[in-house]
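The values are calculated or read from the model by the stated rules, or taken from the named source; none is laboratory data. Quick caveat: nothing in here was measured; it's all calculated off a predicted structure. Virtual Cβ from ideal backbone geometry, glycine too; neighbours counted across all protein chains shown.
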Amino acid sequence: MPTWDNPLITIVTDKCRMCYACVRECPAKAIQVVDGQARVIQPRCIGCGNCLRVCSQNAKQVRDDTEKAFALLDSGAHVAAMVAPSFPAEFIDISPGRLVAMIRALGFDSVHEVALGADLVAREYRKLLDENPESRYISTPCPAVVSYVRKYHPRLMPYLAPVVSPMVAMARVLRHDLGPDIKTVFMGPCVAKKRASIDTTHREVEAVLTFAELRTMFDKRGVKPEAFTEDDDFDPPYAGVGMVFPISGGLLQTADIKEDLLSGEVVVAEGRGDFIETISEFDVTHADTRLLDILACQGCYAGAGMTTNETMLQRRTRVSNYAKNRLASYSEEQAAEVEGAEERYRDLDLSRAYRSDEQTLGDSATWDELQEILHRMGKFTAEDLLNCGACGYDTCLDHARAVYAGLADSEMCLPHTIEQLRTAYDALEESHRSLEEAKEALERSGKLASMGQLAAGIAHEVNNPLGTLLLHANLLLEECEDSETKSDLETIVDQGNRCKRIISGLLNFSRQSRVLRQPTDVAELVDRIIRTAPAASGVTVKIDNRLSDPVADIDPDQMVQVMTNLYSNAQQAMPDGGDLSIELTDDPETVTIKVSDTGYGISEDNMTKLFTPFFSTKAVGMGTGLGLAVSHGIVKMHKGQITAESNADRRQGPTGTTFTVTLPRHEPKGPVMGERRE
């Protein structure tokens, strides 16, 4: 049985960025994600190398056999190198003869082409089909495909062709020719072939190197192509058409088997998507198929052990050109040897058997269990099942099954994670907005407290002298007969009265020391204000009373002052007329009054200054700038809130302003916010 002490593919956790590309591309779903960390489940891995190809962070690493190969070379045994026929697609910078010389320089006693093993394997397939016309087969040169069938479709194992791969066939050929004690090292593009050195059914191969590892060995031993002046040649036995085996359909050409598209007796499939789907449906939709020639990659020159950046077409062309030129360069003696290979190795055993390695996920989850997992991922309705594949699974249901089996985390659902981040962002933004409002309220409270102290001082220091000044000015005005002097005195009296009004506003601002609550009908209070202060010309007043209970415990005198200020400000904001609406709403705990106008609005720059004492947008002489500050103080002493919304830009919609006053229906417990103790 295989051992997992020396795993085939592992993940470097520090490099893994959890993009789930490997989960998405792994046909065996052998990548487990738990607590945000990915790892390879070795028994489930088929060694296809897809995870290596798609990992942009190089977080996947394959088991390195270079040290094992060096140990074999130093052992004193005859070590034979077996080079896969896809090498022309990899070593585009090194000629075939120079490559052979470099491999010998590493210490290998002989260097052979695995293409001969492909020739012999093709002979076995032709014989199978001829001798068993009623049987159906799945080709087995690709070890990833064989592993996939053994692990995930063991019911199809009887269809696996009982023929070894070209690599194993070549190893048996060399033991036949050179003796049973030789050691063999395979060099190719395939990661899955590394299973051959840990699988007890393939003891013929002692080490498997990818082409990338072969380049590493050259670097470690300082073997460079420019150091060789002459090319070398592969050791016999020589290969034939098997040199095209890496190309899709290469098995068929080598075995001289025709792919008849009309009969469908032979089907070729390659690549991750095709080989999974074709195997899954083999015994259902391919009832007439006698041979399923299948590769996990798009040709063996697409293996994960390749380092070249050339396109698939360029790789294919290099392999076919090499095969054509190689066959044309054979001497008569070499050509005769190739022709006689089939007869020479007629009795060589190239058969193999297969053991099941089924990898089940345990008992299937019930629908209720899957639903519970889907709910954790924010999937509650059919519309929520996006099946986007971002988690690495084709459908949301597949993802839920993987979570149930312990292969995945529910947090891998990217749309759900994004939605959670959006919700968290909104909550953070709301918290930030609340903090900003609290900061502004605190700053306003500080300003109001300072202004309260200032107002008290002004009331005591300025009001009395101002009254005396106005008294004498009025006396002079009554006695004055000179028209020019009288005009000047009228100006003095007018401006003095204006100062008096400002002082009066400051007194109102500073005298609010307590709230005298009493049950008050809010709707009646608003009606009384409108009756005593009729609307200006062109202004239409509308009251929308939605109060279920109009009675609230408030200070009616102070709230009259607030409402009168908002009511008069709204009218003054509409000098050409407009609509003024007062909306009354409530709930068991609060009463809300909204005063809206369709006036010219308040600019965004001025919105933060509305409740600042002495700030006013009115013309000089039209207001003291204390009305909203006083109103703000009154509302705060009621432990309520007063806010404003406004639009002064017609491009953004209708202009106008809305002030919202929210008051607690009953006196809250604890000290009153903003209350100044006597």
(request) Count, please, the residues in segment 146-178 that happen to be within 39 Å of the chain's Cα centre (by Cα) and not in a helix (DSSP H, G or I). (result) 1
(message) Please verify whether ARG39 is basic (Lys, Arg), touching a residue at least 12 places away in the same chain (Cβ under 8 Å) and under 19 Å from GLY303 (Cα atoms), treating the condition exactly as stated.
(response) no
(message) Residues to consider are TYR393, TYR404, TYR345; find the one that is closer than 30 Å to ARG175 by Cβ, surrounded by 15 or more Cβ atoms within 10 Å (Cβ to Cβ) and not polar (S, T, N, Q).
(response) TYR345
(message) For the structure I just gave you, tell me whether SER75 is touching a strand residue (DSSP E or B) at 6+ places or on another chain (Cβ under 8 Å) and surrounded by fewer than 16 Cβ atoms within 10 Å (Cβ to Cβ).
(response) yes
(message) Being within 26 Å of PHE87 (Cα to Cα) and not in a helix (DSSP H, G or I) is the filter here; which residues of segment 136-145 pass it?
(response) ILE138, SER139, THR140, PRO141, CYS142
(request) Keeping to segment 92-113, report how many residues are hydrophobic (A, V, I, L, M, F, W, C), modelled with pLDDT of 95 or more, within 21 Å of PHE245 (Cβ to Cβ) and not in a helix (DSSP H, G or I). (result) 1
(message) Taking the criterion of being of a type outside the set (Asp, Glu), free of Cβ contacts under 8 Å to residues at least 24 places away in the same chain and not in a loop (DSSP other than H, G, I, E, B), would at least one residue in segment 396-412 satisfy it?
(response) yes
(message) For a quick check of your reading of the model, give me the residue pairs whose first member lies in segment 171-196 and is among the hydroxyl-bearing types (Ser, Thr, Tyr), whose second is at pLDDT 90 or above, with beta-carbon atoms closer than 7 Å and at least 6 apart or on different chains.
(response) THR184/ALA80; THR184/MET82; THR184/ALA171; THR184/LEU174; THR184/VAL205; THR184/GLU206
(request) Could you check segment 529-606 for strands (runs of 3 or more DSSP E) lying wholly inside it with 1 or more residues that are of a type outside the set (S, T, N, Q) and touching a Lys or Arg at 6+ places or on another chain (Cβ under 8 Å)? (result) 551-554, 578-586, 590-597
(message) Among the listed residues GLY249, GLY273, GLY264, GLY305, identify the single one that is modelled with pLDDT under 85, more than 20 Å from GLU134 (Cβ to Cβ), touching an Asp or Glu at 6+ places or on another chain (Cβ under 8 Å) and of a type outside the set (Phe, Trp, Tyr).
(response) GLY249
(request) Within segment 498-528, work out how many residues are at pLDDT below 80, part of a helix (DSSP H, G or I) and of a type outside the set (A, V, I, L, M). (result) 10
(message) So, MET170, is that one over 19 Å from ARG290 (Cα atoms), modelled with pLDDT of 90 or more, of a type outside the set (Gly, Ala, Ser) and in contact with a helix residue (DSSP H, G or I) (Cβ under 9 Å, 6 or more places away or on another chain) or not?
(response) yes
(message) Residue under question is LYS68, and the condition is that it be farther than 16 Å from ARG195 by Cα, basic (Lys, Arg) and at pLDDT 85 or above; does it hold?
(response) no
